[in-house]
Amino acid sequence: MCYAIPAKVVSIQDNFCILDYFGEERKALLDIENVEVGDYIYAQGGISVRKIPHQEAAAVLATWQDIFFELKKTDSLLSKVDQEKLPANALAVLQKINLRQQINKQEMLSLLTLNTANELKVLYELANNIRQREHGNASCVHGILEFSNYCGQSCWYCGIRQEREIKRYRLTPEQIIAAAQSAVDTYGFKALVLQSGEDYWYDINKLTAIVQSIRAMGVLVFLSIGMRSIDTYQKLFTAGARAALLRFETSNQKIFHRLKPGVDFTERLELIKNLKKIGYIVATGFMLGLPEESAEDLVNNIALTQYLDPDMYSFGPLIPTTNTPLANQKKTHKDDVLKAIAVARLANPKANILVTTALETLDHNTKQEALLAGANSLMINITPTEYRDLYEIYEGKNKNLEIGSSIKNTTNLLYTLGRAPTDIGLL
Ligand code: 5AD
């Protein structure tokens, strides 16, 4: 199984290279040594992660050759939009997007008011059409390894907040490295997200050792470890980490400070901005359905994500969880999440938009629906099964599926939709 198609280097300029995927050109940052024109490499999120021998590349490419063009055909067929059926506000937005103009907050709000089944269908189709126009059938699939559920924070929504009485676990650096190695060797992952609560047991020395070992496996190391100092993130970048996920959670400062006691909104935003300055591929976003949030807040959330200009948008619904202060909060409706994905796609045609696992818990079909409403990126849980139940940031998390079955389901889904793992962040 593989989540990346080998790319041929067609030219090199400064620290970037132009890559060819069956005639499609993409651009990636050169992050490996001794690459020359004509070499084959794997790239993830716009970064080259591994050089591969010509023979190995030829073998993998041969398996893709036939289906690649079939997949593209399927994707094009599924990405058509019937302009005749567009409601007036959606048509106006389409015209703006075609002129490469930015849609404004008022237009986003107006799209979020679309409600009938027919209107929603057209909105999702439009977003899917723009996704296809900007990304082709490229999609990214990252593995996520949840290595510790210890957390020093008290976020009102979160199932691993420090006050919640749950069984805690933390994997040793050796266990983390072994789990990563198995994901790379057995399952062929080329990008791994390392996620945990804010657990300072992992000091800079432990984190550096983990990052260096996993980077040496020839994969993109993606951190999701919460708020750490800029110095720590800088050192981990030097150690080889290249991507970081840190949501701002909500753009409404009042709600933020109530739900995240002891955390400063401005400091969090500054950190997200600094991650980008350090050179990380940045994923950020928010939660939908927090108490007292209005439609304007949602638009502001999308606008703030846009302002932070991340490589990847990550937002999902709040899943109310027992024994947390938000246990009784109303569940977010699936359509509200799909609408947010579609509007985010229209507001930012070039973004990578992730289907989050929280969305997947709303019902079994949402992954597919999200991919057809503008999303283009997925994650597969590779946490060892004995720990997976314990990483309960929210209830009902898709726990028990072992890695092999998740991969099979995901690959089948991507093939049905005509998507190929030519994941590249930069166009
Ligand atoms: N429901 C949905 N998402 C949650 N997160 C934390 N708790 C919940 C919940 N109950 C999200 C936060 C965090 C990410 C890792 O998980 O947005 O940034």
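The values are calculated or read from the model by the stated rules, or taken from the named source; none is laboratory data. These numbers were taken from a predicted model, which means no experiment stands behind them. Positions of Cβ are generated from backbone atoms using ideal geometry, with glycine treated the same way; all protein chains shown enter the neighbour counts. Heads up: the accessible areas ignore ligands, DNA and RNA and are worked out on the full protein's heavy atoms, side chains in. Shrake-Rupley method; radii C 1.70, N 1.55, O 1.52, S 1.80 Å.
Taking the stretch 148-161 as the region of interest, how many residues are within 13 Å of the ligand (Cβ to nearest atom) and either at pLDDT below 95 or under 21 Å from LEU194 (Cβ atoms) (or both)? It would help to see each step written out before you state the result.
Residues of the stretch 148-161 that are within 13 Å of the ligand (Cβ to nearest atom), as a first pass: 148-149, 151, 153-161.
Checking the rest, the ones that are also either at pLDDT below 95 or under 21 Å from LEU194 (Cβ atoms) (or both) come to 148-149, 151, 153, 155, 158-161.
The total comes to 9.
Taking the criterion of being more than 13 Å from the ligand (Cβ to nearest atom) and buried (at least 19 other Cβ atoms within 10 Å of the Cβ), would at least one residue in the stretch 317-327 satisfy it? Even if it seems obvious, please write down each step before you answer.
If we filter the stretch 317-327 for residues that are more than 13 Å from the ligand (Cβ to nearest atom), which is where we start, we get none.
No, there is no match, as no residue in the stretch 317-327 is more than 13 Å from the ligand (Cβ to nearest atom) and buried (at least 19 other Cβ atoms within 10 Å of the Cβ).
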If you take the residues in the stretch 307-316 that are within 13 Å of the ligand (Cβ to nearest atom) and in a loop (DSSP other than H, G, I, E, B), which one is surrounded by the fewest Cβ atoms within 10 Å (Cβ to Cβ)? SER314
Going through (1) of a type in the set (Ser, Thr, Tyr); (2) closer than 27 Å to ASP185 by Cα; (3) over 27 Å from the mean Cα position of the chain (by Cα) one by one, SER11 fails only at (2)
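Give the number of residues within the stretch 43-98 that are outside any helix (DSSP H, G or I), under 30 Å from ILE214 (Cβ atoms) and of a type outside the set (Lys, Arg). Walk me through it before giving the result.
Step one: filter the stretch 43-98 for residues outside any helix (DSSP H, G or I), giving 43-53, 79-82, 86-87.
With the extra rule that they be under 30 Å from ILE214 (Cβ atoms), the set shrinks to 43-53.
Going one step further and asking which of them are of a type outside the set (Lys, Arg), we end up with 43-49, 52-53.
The number of residues fulfilling the criteria is 9.
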May I ask you to list the residues in the stretch 102-147 that are among the small types (Gly, Ala, Ser), open to solvent by less than 10 Å² (accessible area, probe 1.4 Å) and assigned to a helix (DSSP H, G or I)? ALA127
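Hand me the list of helices (runs of 4 or more DSSP H) wholly inside the stretch 344-401 holding 1 or more residues that are within 16 Å of the ligand (Cβ to nearest atom) and buried (at least 22 other Cβ atoms within 10 Å of the Cβ).
On the way: elements: 357-360, 366-371, 385-388.
By residue number, 357-360, 366-371.
Hey, any hits in the stretch 94-101 for a residue that's of a type in the set (D, E, K, R) and surrounded by 12 or more Cβ atoms within 10 Å (Cβ to Cβ)?
Of all residues in the stretch 94-101, those of a type in the set (D, E, K, R) come to 96, 100.
Retained after the next criterion (residues that are surrounded by 12 or more Cβ atoms within 10 Å (Cβ to Cβ)): 96.
Within the stretch 94-101, one or more residues are of a type in the set (D, E, K, R) and surrounded by 12 or more Cβ atoms within 10 Å (Cβ to Cβ).
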Failed item in (1) more than 13 Å from the ligand (Cβ to nearest atom); (2) surrounded by 18 or more Cβ atoms within 10 Å (Cβ to Cβ); (3) not acidic (Asp, Glu), with LEU245 passing the rest: (1)
Positions within the stretch 13-29 being touching a strand residue (DSSP E or B) at 6+ places or on another chain (Cβ under 8 Å) and open to solvent by 40 Å² or more (accessible area, probe 1.4 Å), in sequence order: ASN15, PHE16, ILE18, ASP20, GLU25, LYS27, LEU29
Give the stretch 148-167 a look and list any residue that's touching a Lys or Arg at 6+ places or on another chain (Cβ under 7 Å) and open to solvent by less than 10 Å² (accessible area, probe 1.4 Å), or say none. SER148, ASN149
Looking only at the stretch 7-28, which residues are under 16 Å from VAL219 (Cβ atoms) and out of contact with any Gly (no Cβ under 6 Å at 6 or more places or on another chain)? ALA7
Search result, residues across the stretch 253-279 that are within 16 Å of the ligand (Cβ to nearest atom), open to solvent by less than 40 Å² (accessible area, probe 1.4 Å) and without any contact (Cβ under 8 Å) to a residue 60 or more places away in the chain: ILE255, PHE256, PHE265, ARG268, LEU269, LEU271, ILE272, LEU275
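Considering the stretch 174-197 alone, what residues qualify as being more than 26 Å from ALA4 (Cβ to Cβ) and either open to solvent by less than 20 Å² (accessible area, probe 1.4 Å) or among the hydrophobic types (A, V, I, L, M, F, W, C) (or both)? Reasoning before the result, please.
The initial filter retains those residues of the stretch 174-197 that are more than 26 Å from ALA4 (Cβ to Cβ), namely 174, 197.
Result: GLY197, single match.
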Among the residues of the stretch 285-302, is there at least one that is near the ligand (Cβ under 10 Å from one of its atoms), under 17 Å from GLY45 (Cβ atoms) and buried (at least 23 other Cβ atoms within 10 Å of the Cβ)? yes
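Name the single residue that is farthest from the ligand (Cβ to nearest atom) among those in the stretch 193-213 being part of a helix (DSSP H, G or I) and of a type in the set (A, V, I, L, M, F, W, C). It would help to see each step written out before you state the result.
Of the residues in the stretch 193-213, the ones part of a helix (DSSP H, G or I) are 204-213.
Pick out the ones that are also of a type in the set (A, V, I, L, M, F, W, C) and you get 204, 207, 209-211.
Values: ILE204: 21, LEU207: 17, ALA209: 23, ILE210: 19, VAL211: 19 Å.
Looking at the filtered set, the residue picked out is ALA209.
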